[in-house]
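Please treat every number below as a calculation from the coordinates, not as lab data. Since this is a predicted model, take the numbers as computed values, not measurements. Cβ placement follows ideal geometry from the backbone for every residue including glycine, while neighbour counts extend to all protein chains displayed.
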Amino acid sequence: MSLSALPLPQIVDVLARGEQTSLQHVRLCLEHIERSGLNAFVAVHRGQALERAAALDEARSAGRAPGPLFGLALAIKDNFDEAGIPSAAGCRAYRNRIPEKDAEAVRRLRDAGAVIVGRTNMHELADGVTSENPWTGPVHNPWREGFHPGGSSGGSAAAVAAGLVPGALGTDTGGSVRIPASLCGVVGMKPSAGLVPTAGVVPLSLSLDHVGPIAASVAGVGMLLEALAGAAGQGMARAAREPAESARLGVLEPMSESDPGVAALFDSSCQALRRAGFGITRLRVEGFEKALSIMASIYGPEMAASHAALLSAPAEDISPALRADLERGRALPPEKHAQARARAQALAAALDAVFDEVDALVLPTTSYPARPFGSQGSHVYLQNTCAFNLSGQPAISIPMGCVQGLPVGLQLVSRRNCDAKLLRLSAAVEAVVVPGSVV
């Protein structure tokens with residue numbers, strides 16, 4: 001069987017046992033990337049990746065112990081710094097931005113033995129959730145031509161969903177790992193705030209930005225998170241392979257407005273979980289429906305502060321949409337930002353209290369499947385995800401099924417700094433919720 005057809009943990013095992021070399025694996029991934037028409041990558045490090053893979057193979061032959069991600073081909077989003085490589089965050093104005101060192105998350109992946117094969121396409125400056133980029137072109141959803149993959153980490157999710165790479169790195173400020181994972185039918189996790197360093201990531205909102213992994217399975221995400229989190233990640237990979245036997249799950253009410261097919265899939269998933277022995281409790285969280293407006297009043301001013309120079313960039317270097325968002329963020333009075341921060345703290349406290357009653361929350365990651373390029377109203381994709389950036393709690397999206405042939409995800413959320421517990425619960429839910437289809 002081709003390595004590209006195996007889940008990430010099995011690829012790691014095959015490489016560690018020496019049944020295939022890293023060079024063979026990386027070369028195969030590069031061939032898949034070159035043949036793909038998804039526009040998932042903005043840069044492919046062919047020469048560098050092949051050289052790195054060959055060096056890793058030589059080191060192992062010389063008796064050096066392989067790292068936990070030995071020889072594994074991975075992709076990173078275009079907003080992660082790479083030493084000596086243009087790191088533009090999908091923004092034409094930053095096309096000549098060349099960092100001197102790797103982002104901390106990238107360094108940790110390399111230290112674990114991974115091979116970075118390229119940089120993935122994304123929404124301009126991560127300021128959006130469709131990955132329709134005016135400079136680098138739109139990322140195509142692997143499930144349907146002409147449809148977006150979600151965003152802003154759309155290239156990373158599309159690359160994993162299409163089997164171009166077994167895993168990828170993204171960022172999540174309001175849902176930008178979980179939304180494309182949902183719409184591309186893969187697993188994406190936003191860890192607890194602070195678990196994975198954001199040093200060396202082009203910021204969108206310094207207080208809301210998170211770094212998270214994307215893979216085809218919970219076990220794959222667990223392996224990546226263990227490497228990304230450093231000493232704090234010890235045991236994450238094992239947790240993702242040891243499903244919890246049962247759990248108390250909370251369903252938020254009222255549910256946000258959603259596609260009828262998504263609602264039906266969610267109801268079916270809850271029924272399957274109940275039959276498998278999971279407890280299902282209906283809950284209300286005061287202020288949850290206000291999370292999107294709270295987030296906008298926080299990330300807007302923070303984005304404008306981090307990227308004030310972009311407002312003087314020439315028109316050909318910044319899109320009208322991004323310029324408008326920057327101007328809106330700059331115009332927000334400081335007291336409005338402070339009020340939003342206070343409201344976010346209140347919402348976080350309300351969400352924390354929920355976990356005295358249940359082990360995890362469960363809800364659709366996205367209330368709608370992917371839409372065609374150019375569709376309006378993309379903010380609806382954030383309504384179930386952004387609250388957990390405000391609270392800093394870990395949240396993961398796993399495949400739930402398809403609506404008219406397009407995937408959507410099931411989101412699980414746990415108490416802050418209980419990421420290993422969330423991985424165990426997610427592995428159990430993943431085994432029960434066999435993705436089905438709703439016409």
Amide H to amide H, which residues 5 or more places from Gly409 or on other chains are under 5 Å from it, using H placed in the peptide plane?
Thr365, Thr366, Met400
In Hz, Karplus ³J(HN,Hα) per residue of the range 195-200 (6.51, -1.76, 1.60; θ = phi - 60°; x = Gly, Pro):
5, 10, x, 9, 4, x
Can you give me the long-range amide H partners of Ala360? Hydrogens built in the peptide plane at 1.01 Å from N, cutoff under 5 Å, separation of 5 or more residues or another chain.
Arg248, Gly250
Please give the FRET efficiency for Glu289 paired with Ala199, using the beta carbon to beta carbon distance and R0 = 51 Å, rounded to the nearest 0.05.
0.90
Note down the nm distance, to one decimal, between modelled labels 7 Å out along Cα→Cβ at Ser246 and at Glu100.
5.8
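By how many nm would the segment from Leu332 to Ser375 lengthen if fully extended, with 0.36 nm per residue of separation less the alpha-carbon distance?
Once the chain is fully extended between Leu332 and Ser375, it gains 12.8 nm.
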To the nearest 0.05, what FRET efficiency results for Asp317 and Ser268 with a Förster distance of 51 Å applied to their C-beta separation?
0.60
Euclidean distance between Cα centres, the range 131-182 to the range 35-50, Å
15
For the chain, built as a Gaussian network whose Cα springs stay under 10 Å, the top-fluctuating residue of Met255, Met295, Met122
Met255
Once you put a point 7 Å from the Cα of Arg144 and another 7 Å from the Cα of Ala431, both along the Cβ direction, what distance in nm separates them?
3.3
Arranged from highest to lowest average of other beta-carbon atoms within 10 Å per residue, in what order do the peptides 92-105, 144-157 appear?
144-157, 92-105
Skipping prolines and chain starts, which residues have an amide H placed within reach, meaning under 5 Å, of the one on Asn133, given they are 5 or more residues away or on another chain?
Val139
In this structure, among Lys290/Lys336; Lys101/Lys421; Lys190/Lys336; Lys77/Lys336; Lys77/Lys101, pairs with alpha-carbon gaps over 24 Å are Lys101/Lys421; Lys190/Lys336; Lys77/Lys336
Relative contact order, percent, of the chain when contacts are C-alpha pairs under 8 Å separated by at least 6 residues?
17
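Multiply the residue gap between Gln404 and Ala349 by 0.36 nm, knock off their C-alpha separation, and tell me the result in nm, one decimal place.
16.0 nm
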Would you mind classifying the range 191-292 by shape? Square roots of the alpha carbon gyration tensor eigenvalues, ordered a ≥ b ≥ c; an a/c under 1.5 is rounded, otherwise it is prolate if a/b is larger than b/c and oblate if not.
oblate
